[in-house]
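The values are calculated or read from the model by the stated rules, or taken from the named source; none is laboratory data. On a predicted model such as this, the values are computed, not experimentally measured, just so you know. Cβ atoms come from the backbone with ideal geometry, glycine included; neighbour counts cover every protein chain shown. Quick note on the areas: whole protein, heavy atoms, side chains included, nothing else; ligands and nucleic acids left out. Shrake-Rupley method; radii C 1.70, N 1.55, O 1.52, S 1.80 Å.
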Amino acid sequence: MKIKEIIAALEQFAPLPLQEDYDNAGLQCGLTETEVSGALLCLDVTEAVIAEAIDLGCNLIVSHHPLLFRGLKQVADANQVQRCVRLAIQNDICIYAAHTNLDNAEDGVNFKMAEKLGLIDVQFLAPKALSLPNGRQVKGGSGVVGYLPSGEDSLAFLQRVKQAFGVEALQHNQLLERPIQSVALCGGAGDFLLDDALRVEADAFITGEMHYHQWFGHEQEIQIAVLGHYESEQFTREIFRSIIEEVAPMLPIYDTEVKTNPIQIL
């Protein structure tokens, strides 16, 4: 099977037109007509991840975050991105990223987060419909909202969140004094959806990052919990794996063992 066939499956699930205007999802570097030898799944592309792919005999890296988020004016060794591009090309490794298109896709990143929390009746928080150039109609949207099977007190809910995502430290606002059942969430930097969570009268809002001043004024209005960017998106690799296994069940697929989260907690 050729690399381009794996990419086609990824883009069937999360079409590139679903990505935000600022994003650069899709092929980052490499030749897609090459036969795929194996796929390494990650959130971030680093030199260590590429070295791992080389050691494993994988010529395809599928990442959530794009390696080439901003344009390159040279390819030398001035920074990590340049070094990664050189290393990948030197070793005939193709790098592909599914970023905000996967965030905004049905059953994408946010739906996976909801699954980990045991939410039911999950729907897009800010839905949008998209018509692709081939005429296919696609549902998409930012964030999701779903429901716990039954209401939980705020401390039990926050403990559920902390355990589900395995976080060392969970940021949250004042404990809500009513049961939590409806939950809105968005992986990564999702604080732009706080107003949408309030609009649908969610009991809780979970995201990966939130600006300091957005925390104010919501005491006893909504329970806010912030996981960390990496932590909120860590299960993205499970989505990649399920897509690739469906079209290439015999292909060697690996989750990176490199810890790419740059944020440490003391």
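Over the chain, with a Gaussian network built from C-alpha contacts below 10 Å, which listed residue (ALA248, ALA156, ALA78) shows the highest mean-square fluctuation?
Most flexible of the set in this elastic network: ALA78.
Quick check: Cα centre of the range 207-266 to Cα centre of the range 27-67, how many Å?
That distance is 19 Å.
Whenever you get a sec, compute what percent of the accessible area on the range 1-105 sits on carbon and sulfur atoms (1.4 Å probe). Don't skip to the end; give the middle numbers.
Values: 2250 of 4530 Å².
The C+S portion of the solvent-accessible surface of the range 1-105 is 50 percent.
Taking the Cα centre of the range 163-226 as the origin, how large is its charge dipole in debye, to the nearest 20, when only Lys and Arg (+1) and Asp and Glu (-1) carry charge on their Cβ atoms?
Numbers: 2 positive and 10 negative charges, 19 e Å.
I would put it at about 100 debye.
For the range 1-68, give the magnitude of the charge dipole about the Cα centre (Cβ charges: +1 Lys/Arg, -1 Asp/Glu; no others), in debye to the nearest 20. Present the calculation step by step, with values, prior to reporting the outcome.
On the way: 2 positive and 11 negative charges, 40 e Å.
It comes to approximately 200 debye.
Can you give the extra length, in nm with one decimal, that the chain gains between ASN24 and VAL200 once fully stretched, where that is 0.36 nm per residue apart less the Cα-Cα distance? Numbers along the way, then the final one.
Numbers: separation 176, 0.36 × 176 = 63.36 nm, distance 3.05 nm.
Extending this stretch completely gives an extra 60.3 nm.
Roughly how many percent of the accessible protein surface of the range 165-266 is carbon and sulfur, given a 1.4 Å probe and a whole-percent answer? Could you put the intermediate results ahead of the total?
Numbers: 2840 of 5400 Å².
Carbon with sulfur: 53 percent of the solvent-accessible area.
Please report the Cα spread of the range 84-242 along all three principal axes, rounded to whole Å, starting with the longest.
The principal-axis extents, from largest down, are 56, 39, 30 Å.
What distance in nm separates the simple spin-label points at LEU155 and LEU251, each placed 7 Å from Cα in the Cβ direction?
So the two model labels end up 4.8 nm from each other.
On C-alpha positions alone, give me the angle between the axis of helix 47-56 and the longest principal axis of the chain, in degrees, nearest 10.
60 degrees
Using only the C-alpha atoms of the range 1-101, find the volume of their convex hull and express it per residue in Å³. List each step's numbers first, then the result.
Details: hull volume 9.1 nm³, N = 101.
Dividing the Cα hull volume of the range 1-101 by its residue count gives 90 Å³.
Check the straight Cα-Cα distances from LYS4 and name the aspartates and glutamates below 17 Å, setting aside those fewer than 8 residues away within the same chain.
GLU33, GLU35, ASP92, GLU245, GLU246
Taking the DSSP beta bridges in the chain as the whole, what percent of them are antiparallel, to the nearest 5?
Details: 21 of 40 bridges.
For the chain, the DSSP antiparallel bridge percentage is about 50.
Of LEU194, LEU16, LEU56, which is the most mobile in a GNM of the chain whose springs link Cα atoms less than 10 angstrom apart?
Evaluated over the chain, the most mobile residue of the options is LEU56.
Checking the cross-link filter: which lysines have an alpha carbon closer than 29 Å to that of LYS2, excluding same-chain neighbours under 8 positions apart?
LYS112, LYS139, LYS259
For the chain, what is the charge dipole size about the Cα centre, in debye to the nearest 20, if Lys and Arg each add +1 at the Cβ and Asp and Glu each add -1 at the Cβ? Before the final figure, lay out the partial values.
Values: 18 positive and 37 negative charges, 95 e Å.
With Lys and Arg at +1 and Asp and Glu at -1, about 460 debye.
Indicate, rounded to the nearest 5 percent, the antiparallel portion of the DSSP beta bridges found entirely in the range 136-236.
Working: 7 of 15 bridges.
Around 45 percent antiparallel, to the nearest 5.
Placing +1 on the Cβ of each Lys and Arg and -1 on the Cβ of each Asp and Glu in the chain, which of LEU193, ASN261, ALA88 has its Cα farthest towards the positive end of the resulting dipole?
Value: ALA88.
If amide hydrogens are placed 1.01 Å from N in the peptide plane, which non-local residues have theirs closer than 5 Å to the one on GLN19?
Those qualifying (amide H under 5 Å, at least 5 residues apart or on another chain) are ASN101.
Subtract the Cα-Cα distance of LEU132 and ALA48 from 0.36 nm times their separation in residues, and report this length gain in nm to one decimal.
Details: separation 84, 0.36 × 84 = 30.24 nm, distance 3.65 nm.
Using 0.36 nm per residue and subtracting the Cα-Cα distance, I get 26.6 nm.
Of LEU119, ASN134, VAL109, which is farthest along the charge dipole of the range 99-139 in the positive direction, counting Lys and Arg as +1 and Asp and Glu as -1 at C-beta?
Most positive-ward Cα: ASN134.
With a 10 Å cut-off between alpha carbons and a GNM built on the chain, which of ARG241, ARG86, ARG70 moves the most?
Greatest mean-square fluctuation among the candidates belongs to ARG70.
On alpha carbon coordinates alone, what is the Rg over Rh value for the chain, Rh being the Kirkwood radius? Don't skip to the end; give the middle numbers.
On the way: Rg = 19.2 Å, Rh = 19.4 Å.
Taking Rg over the Kirkwood Rh, I get 0.99.
Relative contact order of the chain, please, whole-number percent, based on alpha carbon pairs below 8 angstrom and at least 6 residues apart. Numbers along the way, then the final one.
Details: 543 pairs, mean separation 53.7, N = 266.
Relative contact order here is 20 percent.
Given R₀ = 45 Å, what would the calculated FRET efficiency be for GLN123 paired with GLU5, taking r from the Cβ atoms and rounding to 0.05?
Working: r = 32 Å, r/R0 = 0.70.
For R0 = 45 Å, the calculated efficiency reads 0.90.
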